[in-house]
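Input: a single structure, listed below in structure tokens.
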């Protein structure tokens, strides 16, 4: 498998066999100064492109070097590669010093034993446990254990809608799933190249996310209280069908969305006025702006549930920052985490990525002139977001259920008719794989 990295110097492609060649910095002899320390940092793709991430992050890393003398070599990793790269590095023992992870994978990565656990001494080194928003910090690892990741960028899902297309179609922002479907049907005009709603149907992570949220709306969780997979229960099947019906029964999604393997591809369709709605996370605002769409052109409302369903619109999403346990520069790595989660950097970076700060008291500068958007995102996080399942097999759940939903979406995009039995069969196959991988 090929993995793509963007460093400050440009784009490089390496193979999994070369992971040993991208290990952390040189050996710490115990006598070197900060000027002798180089950290390798894998940053997840948060911006409109890998290049955009480098433009945002490199000035901050230069600032860190000026303050501490510690050099940070940046490699921006697309989400399509990040999980597999991280697991490969955990198995091989060769990886970066510090990296970002999606917080949905925190417990899975914690279970590998490859990451530094933040005990009270480590929390003191980064400024204290109480600085972090409680719901965000809870994503850092399994309950009752020292977290192995620290929240960096907090996000939730929302429903973006194009104000002009809604006005043209004479519809209002939806408050129920049924209203969402009606609005999408009113906007859809395939002959004009216009569709009701878009979602990156070829993206495994996002497909797992939407199936999890919609399953929660239908009163179900894919895991029981003991963390045992239960993917074929009626509520989970209903949640997946609710999503696929947008393509099959209602035909309000462009079938080409099955080819969108990265979120920015779907965001570009929305920004270009080709679709009326887009289900996406907070940071999409930055991607839309990069595609020429300013916030006054769209609104955001909570992703609505079916009438009588659970009013759940998101899970507590976001990206965390972790340290590989075998780093030879632990003190420098902790200093870097302290820097990235400082009040100043939280304000700068979350404003750049239009995400929500993970530290108490830091203003959400991205929404300083958009109080309505801030109120919407804050209300979703406070009132309509649930935790992702904190079980070690959640990464396998993401890969297997997300992959199953991508496969079903792909079949539907080619015109296949999907029944509840088809969905249940695909989810059962995903659950059977959990037995092999979990």
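Side notes on the structure shown:
- When the range 317-334 is filtered for residues that are farther than 13 Å from residue 149 by Cβ and surrounded by fewer than 21 Cβ atoms within 10 Å (Cβ to Cβ), the ones remaining, listed by number, are 326, 328, 330, 331.
- Residue 311 meets all of the listed conditions (1) on the phi < 0 side of the Ramachandran plot; (2) surrounded by fewer than 17 Cβ atoms within 10 Å (Cβ to Cβ); (3) without any contact (Cβ under 8 Å) to a residue 60 or more places away in the chain but one, namely (3).
- Filtered by the rule that a residue be part of a loop (DSSP other than H, G, I, E, B) and either surrounded by fewer than 23 Cβ atoms within 10 Å (Cβ to Cβ) or out of contact with any helix residue (DSSP H, G or I) (no Cβ under 9 Å at 6 or more places or on another chain) (or both), the range 143-171 gives 143, 144, 145, 146, 170, 171.
- Considering the range 172-280, the qualifying helices (runs of 4 or more DSSP H), each wholly inside and each with 1 or more residues that are within 20 Å of the chain's Cα centre (by Cα), under 24 Å from residue 297 (Cα atoms) and modelled with pLDDT of 95 or more, run over 263-271.
- Complete set of residues in the range 295-305 that are more than 17 Å from residue 264 (Cβ to Cβ) and either outside the structural domain of residue 278 (by TED's automatic domain parsing) or not in a helix (DSSP H, G or I) (or both): 299, 300, 301, 302, 303, 304, 305
- Flag for residue 71 being modelled with pLDDT of 95 or more and touching a strand residue (DSSP E or B) at 6+ places or on another chain (Cβ under 9 Å): yes
- Count of the range 105-142 residues which are free of Cβ contacts under 8 Å to residues at least 24 places away in the same chain and either closer than 30 Å to residue 80 by Cβ or part of a loop (DSSP other than H, G, I, E, B) (or both): 1
- Scope the range 349-378; condition crowded, with 16+ Cβ neighbours inside 10 Å and within 23 Å of residue 304 (Cβ to Cβ); matching residues: 354, 355, 356, 367, 370, 373, 374, 376, 377
- Condition met for residue 303 (closer than 28 Å to residue 213 by Cα, surrounded by 20 or more Cβ atoms within 10 Å (Cβ to Cβ) and at pLDDT 95 or above): yes
The values are calculated or read from the model by the stated rules, or taken from the named source; none is laboratory data. Predicted model, so just to flag it, every value in this text is computed and none were measured. For neighbour counting, all protein chains shown are included, and Cβ atoms are generated from backbone atoms with ideal geometry for every residue, glycine included.
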